[in-house]
Amino acid sequence: MSDFRPRSNSEILDAAFEIYRRHFAVFMAINVLAAVPWAISSYVGQTAMLLQQTDGLFTSALIRFAGALISPFTEGAIACATSTAYLGKQVDFEQSMRAAFRHPGRLFIAMMAKWILIVFGLILFIAPGLLVFKRYFALPMTVLFEDNTVGDAVSRSRELSNGNGTRIFALLGGVFVFVLFATGILLQLVAAFAQSAAATAVATLVLATAISPFSTIVATLLYYDIRIRREGYDIELMTQALDPASPQLHSAF
């Protein structure tokens, strides 16, 4: 893409759609790694409910939990692929996955902490969960692109989010709600017409694989936009400092 300038919300969405369209196969290949456990869990859970098998429901929950353990790395790889596309480099599945696993412990701990805090905040009261969502939207990017430790990444993401709450909620909140409702409606339609649990599981796999990467793509572009607006960071220099084998960026701080 290589168009390094501040963008409006609509321009960020347009750029996200363009990146997603151009590199659809790569994003699908990355996200299927996390979507497969969800599809299997859907099949096992639906079958267990039909047969009234408690063990099957427990197995379904375990499979879904395994999928949640994979998701930090697929989300990280999607962010890396988006970064590579934004910086005008060649997007590659293997390269994106390798970059996501550069610091697996940091990324895993940071992302698990983020989602646990969001869920816990939403259970207690909606406002704390939304605050966590806003503050830590850039957590995977600050780990992957700036080589931060978990503590530094948390502080950095909070710093970038300050003063940008409206944009974060408008863009990421809107995309999240759209993805949630679109997936839910489509799955209900599939469930109404599907003839078997297997058909529902396949539909779940296709929908989860195709729709969910878009949120991370938008978040990555928003991360870049905030850095450009707030810090005047020279993206051209950032590009020159880029390791050709990885979309990891070096922090200016």
Of 169-179, 18-28, ordering from highest average Cβ density within 10 Å down gives 18-28, 169-179
In order over the range 23-33: 3J(HN,Hα) from phi, Karplus 6.51/-1.76/1.60, θ = phi - 60°, whole Hz, x for each Gly or Pro, gives 10, 4, 4, 5, 5, 5, 4, 5, 6, 5, 5
Note: V177 to D55 extended length (0.36 nm per residue) minus current alpha-carbon separation gives 40.7 nm
Magnitude of the Cβ-charge dipole (Lys and Arg +1, Asp and Glu -1) of the range 84-141 about the Cα centre, nearest 20 debye, reported as 180 debye
By the mean-Cβ-within-10 Å protection proxy, highest first, 81-90, 156-165, 66-75, 132-141 rank as 132-141, 81-90, 66-75, 156-165
Expected vector for the range 6-14, Karplus 3J(HN,Hα) from phi with 6.51, -1.76, 1.60 and θ = phi - 60°, integer Hz, x for Gly and Pro, equals x, 10, 6, 4, 5, 5, 5, 5, 4
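Quick note: the coordinates plus some simple rules give every number you see, no bench work behind them. Not measured: the values here are computed from a predicted model. For neighbour counting, all protein chains shown are included, and Cβ atoms are generated from backbone atoms with ideal geometry for every residue, glycine included.
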